[in-house]
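Since the structure comes first, as C-alpha cells, the remarks are kept for the end.
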Amino acid sequence: MSGKEDDVITKIVVISSDSVLPIDAAMKIYESETSIVIKETCFGTMVTGPRKDVNRVIQEVVDLDRNHIFVKERGFPPGDERRCRASRGGGPRPGFHYLREEVQMLPMIGRALDDYEKKVPLKKTPEKKKFEIEQLEDIIRSDL
Amino acid sequence: MVKVIIYPTNSLILSDLVERFGHTPIAMMAKIKEKVSTVGVDSPPLNITPEEPKMGLKYAAVEVPAGVRGRMAIVGPMIDEAEAAIIVNESPMAFGCMGCARTNELTKFLIRQRDMPILEVDYPKGDDEAREFVYKIGEFLKSLPKDEKEGEE
C-alpha cells in the first residue's frame, strides 16, 4: 500500500460562478507549479496529484469565489479506461447524470451559502405536501 | 472534526458542505478510489472480488441479491465508521447509476439504527428551500464537536 504522502487523489471542481470561468480556475492551477495533472471539463476541472498538493491548489481555486465553487473527491482518475467515454464508445460516463442533476442545483445552493454567511434570517416557508391520493381520484372522476 | 456519512453517498453538494464546515465527509468516492487503485486483483470494472458479497453478509441476509450485498460491502463499513449522518430524502437521481433502491433503503435504515446525530432534509426545489437546506445543514455541522485539528494535515 502506498503511504499517505504519495497518496494520489482526484478531485472534481465544479464552477457555478458568475465571476469565475472554468478557464480561470484552470489557469490558477497551471500557475501553481506543482506536479499535478488537470483536465478541463464542461462543468469545471478535474485535478489529480499527491493529496497535499491537490488540497493546496484546490483551496486556492475555491478562494476565487468561495460560495460558488464546489469540490468533491472522485474515485477514478481522469481518462481511466473503465470510465472514460473515449474507450467506451461515447455517451455520458457513469455518474455524469447524477453530477448534472446536482450541478443544476448549485446556483441555488451558492445563493443560500451567501445568505448564510451574511446571516440573513430564514423566512418561514409553508411546508409543501405531497398530492393526496383522494385529490387525484377526484380529478380523475371529475373528467368522466 | 467529525466523520459525517452522507446520503446520497456520492453527493457533490453534501460532500462539499461537510468539508466546508470543517468536518470529514465519508463518501462513496473515497471508498471507490481505494477499490480501483489498490494493487491486487484488477478485474474490470472494479476490484470487486467474490469476497465482497461475503462481507456484505454482515449487513444483509443471505437471500438478499448479491448486488445489494456487494454494495453493502462498501457502504456498510462507511456506516460503521461514521460519527454523524446527513440524509437527504427525495433524491430520485440516487436511483440509477448510483445503485439500487433496496440498497438505498437499507443504507438509510442502518444509518437510522446507529446512535449518533442524524439530520434528515429534502433536496431543495427552489431558492427558499435551498436556503432552508443550507441553514439546517450548516447549523447541524456547527453543532458537532470540532476538536483534534492539530492531528490533521
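Considering the protein assembly as shown, its Cα convex hull presents a mean projected area of 19.9 nm². Can you give the extra length, in nm with one decimal, that the chain gains between residue B:113 and residue B:143 once fully stretched, where that is 0.36 nm per residue apart less the Cα-Cα distance? Taking residue B:113 through residue B:143 to full extension adds about 8.7 nm, to one decimal.
Whole-Hz Karplus values for the stretch A:17-34 come out as 10, 7, 10, 10, 9, x, 5, 4, 5, 4, 4, 4, 6, 4, 5, 6, 6, 10 Hz, taken residue by residue from phi with 6.51 cos²θ - 1.76 cosθ + 1.60 and θ = phi - 60°; glycine and proline positions read x.
Among the residues of B:13-25, the average count of other protein chain beta-carbon atoms within 10 Å of the residue beta-carbon is 3. Mean residue ellipticity at 222 nm, helices only, chain B: -14000 deg cm²/dmol; runs of at least 4 DSSP H residues each add -39,500 (n - 2.57), and the sum is divided by the number of residues. Close amide H partners of residue B:26, meaning residues 5 or more places away or on another chain with modelled amide H under 5 Å apart, are B:4, B:5, B:6. From helices alone, chain A scores -12500 deg cm²/dmol at 222 nm; the rule is -39500 (n - 2.57) for each run of n ≥ 4 DSSP H residues, then divide by the residue total. Of all lysines in the structure, the ones whose alpha carbon falls short of 18 Å from that of residue A:124, not counting any fewer than 8 places away in one chain, are B:125, B:136. Neighbouring Cβ atoms from other chains, within 10 Å of the Cβ of residues in A:115-128, number 3 on average. Dimensions of the stretch A:8-118 based on its C-alpha atoms, expressed as ranges along the principal axes with the largest first, amount to 46, 33, 20 Å. Farthest toward the positive end of the dipole of the protein assembly as shown, out of B:59, A:76, A:49, is the Cα of B:59, where the dipole comes from beta carbon charges about the Cα centre. Dipole magnitude for chain A: about 220 debye, using +1 per Lys or Arg Cβ and -1 per Asp or Glu Cβ, origin at the Cα centre.
Taking the charge dipole of the stretch A:8-118 about its Cα centre, with +1 at Lys and Arg Cβ atoms and -1 at Asp and Glu Cβ atoms, the residue from A:25, A:64, A:36 reaching farthest to the positive side is A:36. Counted by neighbouring Cβ atoms within 10 Å, the residues B:17, B:57 run from fewest to most as B:57, B:17.
Of the complete DSSP H runs in chain B, those spanning 15 angstrom or more by Cα along the long axis with a mean Kyte-Doolittle score not below -1.0 are B:66-81, B:101-113, B:127-143. Sites counted here are GluC sites (Glu not before Pro) in a DSSP loop (not H, G, I, E or B) having no more than 14 other Cβ atoms within 10 Å; the longest part of chain A that contains none of them is A:34-80. Here the protein assembly as shown is assigned +1 on the Cβ of each Lys and Arg and -1 on the Cβ of each Asp and Glu. Its dipole about the Cα centre then comes out at about 500 debye. Against the empirical curve 2.2 N^0.38 Å, the C-alpha radius of gyration of chain B lands at a ratio of 1.08. The amide H of residue B:119, built 1.01 Å from its N in the peptide plane, has B:85, B:86, B:87 as neighbours under 5 Å, considering only residues 5 or more places off or on other chains. With Cα atoms defining each centre, the stretch B:66-128 and the stretch A:1-79 are spaced 26 Å apart in the structure. Shielding value for A:69-79 is 6, the average number of Cβ atoms from other chains within 10 Å of each residue's Cβ.
Put a plus charge on the Cβ of each Lys and Arg, a minus charge on the Cβ of each Asp and Glu, and nothing anywhere else: the dipole of chain B about its Cα centre is then about 440 debye.
We did not get these values from a lab; they are worked out from the coordinates using the rules stated. Just so it is clear, the structure is predicted and the values come from calculations on it, not from any experiment. Cβ sites come from the backbone with ideal geometry, for glycine too, and all protein chains shown count toward neighbours.
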